[in-house]
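Nothing in this text is a laboratory measurement; each read-out follows from the coordinates by a stated rule. Owing to the predicted nature of the structure, the values given are computational and were not obtained by experimental measurement. When we count neighbours, we look across all protein chains shown, and the Cβ atoms used for this are built from the backbone with ideal geometry, even at glycine.
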Amino acid sequence: MTQEAIRIAVVGHTNAGKTSLLRTLTRRIDFGEVSQRPGTTRHVESADLDVNGEAAVRFFDTPGLEDAVALREHLAGFDAQATPPERIREFLKGPEAHGVFEQEAKVLRTMLDIDAAFLVIDVREPVLPKFRDEIELLNACARPVLPVLNFVRDAASREPAWKELLSAYGLHVQVRFDAAAPFVGAERDLYSDLATLLRDRREQLRGVADALDTEAAGRRQSACTRIAGLLVDAAAVRRTVSATEFADAARRQALVAALQKDVFDKAQRCTDDLLALYGFRQGDADEAPLPMIEGRWTLDFFSPDAMKDAGLRLGKGAVIGAAVGVVADLALAGISLGAGAALGGAIGGAVSQGWGPLGRKLANKLRDVHEVTVEDGVLFTLVAWQLKLAQALELRGHAATQRIAADTPQDGDAPTRAAAAAVRGAQPARNHPEWESTGIATRSFWRPSPQREALVADISRMLLPAFDA
């Protein structure tokens with residue numbers, strides 16, 4: 001028989017980050033309202049965390065406690081022989097629960113009908129006497145309370161003082177959880193620590209933690225598969241042009257610009273897909289706001305200056321010059337690039353692609369046909385950048401409002417190594433322009449071939465080590 005969902009109230013002082021925590025735990029960017037205004041949450045709202053299609057945990061987002069000091073004084077006038085929960089229930093029957101203490105009453109009413117509570121604390125706040133009253137009010141409901149220390153990374157954190165206060169009131173089990181940028185493994189720690197307070201739900205909570213690990217691994221695999229698809233797609237891009245058209249500077253420039261836009265659009269679609277995979281949306285900037293999502297990590301993959309600014313590096317620190325490779329002349333001894341394309345290492349890049357592409361390009365040369373393709377430097381940049389985005393999204397809470405701050409790929413780091421291996425692995429796509437998924441109108445019913453899908457799967461496995469760090 002399926003167990004009922006564990007009912008958890010998320011409580012705390014006004015603006016401590018309760019709704020932010022819930023957005024991160026449920027991966028629902030649209031849950032509630034996140035704002036710097038005090039008292040944004042005015043009603044109790046619920047959100048479920050589903051495991052295997054069923055609600056495993058039901059969270060209750062509660063209003064902030066606004067006047068615990070006065071309420072504690074009010075409760076002091078109730079029957080001294082009654083237990084603390086009995087006094088709380090008596091208070092909830094009175095007119096004050098629907099008047100001056102309406103917000104507090106909503107919280108306490110919820111506390112009496114749950115399995116446990118997460119007490120969210122903004123550790124940047126000074127430890128004032130009012131917080132003692134809030135803790136005593138919550139403890140009076142006789143439900144397990146697990147303090148969640150929020151914003152612990154902030155320079156203004158007063159974490160030691162808060163830990164001392166909580167321990168003084170018997171709340172020795174505490175969790176550090178930054179809702180904007182959760183620590184690696186923080187969710188598992190949260191449910192593991194909760195299991196110490198809810199011993200009869202221990203197995204159920206262990207199942208929740210295991211399911212979250214499985215979901216995380218699945219997202220990682222899906223991210224790698226999507227990025228691998230982008231790489232194969234871009235590597236397969238090939239446009240041919242007659243010598244007459246190629247000799248016309250205006251037509252040549254238009255062709256190059258069109259290819260650049262095709263590749264750029266592919267990269268942006270991949271970025272949007274990664275955002276959606278991790279529970280973010282492009283338009284959420286208007287709601288949260290989330291300027292990182294508004295910008296969608298836009299990068300001009302064809303600007304050498306942009307690459308230098310981003311610090312993208314390959315090999316022994318040589319800055320990648322990225323542009324569209326325009327093949328203007330070919331001999332078996334090497335390859336040269338026309339149209340002023342600023343790329344180095346063209347000979348090595350061509351040889352690494354095997355004799356198949358060289359043979360094709362030689363045939364085109366004899367037919368007086370030129371090709372426009374995407375150079376390896378661009379492919380590397382596409383992959384490395386998307387990997388860094390996926391890494392950053394893994395560590396980003398759904399309460400974050402600042403622009404994402406991910407490190408750019410550097411020499412020897414996991415994304416750089418994975419990206420380089422993936423670009424080498426994608427070279428077979430150079431021989432298969434039919435593997436390009438978009439960009440040609442006649443392919444409205446395009447379906448990937450088994451060979452293309454097998455290559456995407458192989459490259460996806462090459463990208464997974466990028467997440468090991």
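Given R0 = 45 Å, the distance between the Cβ atoms of W446 and E54 translates into a calculated FRET efficiency of 0.75. Put a dot 7 Å past the Cα of A454, heading toward its Cβ, do the same for F264, and the two dots end up 3.7 nm apart.
Would you please classify the overall shape of the stretch 6-197 from the alpha carbon gyration tensor, given that a ≥ b ≥ c denote the square roots of the eigenvalues, rounded means a/c under 1.5, and beyond that prolate means a/b larger than b/c while oblate covers the rest?
Verdict is prolate for the stretch 6-197.
So in the stretch 6-197, what percent of DSSP beta bridges are antiparallel if you round to the nearest 5? In the stretch 6-197, DSSP labels about 25 percent of beta bridges as antiparallel.
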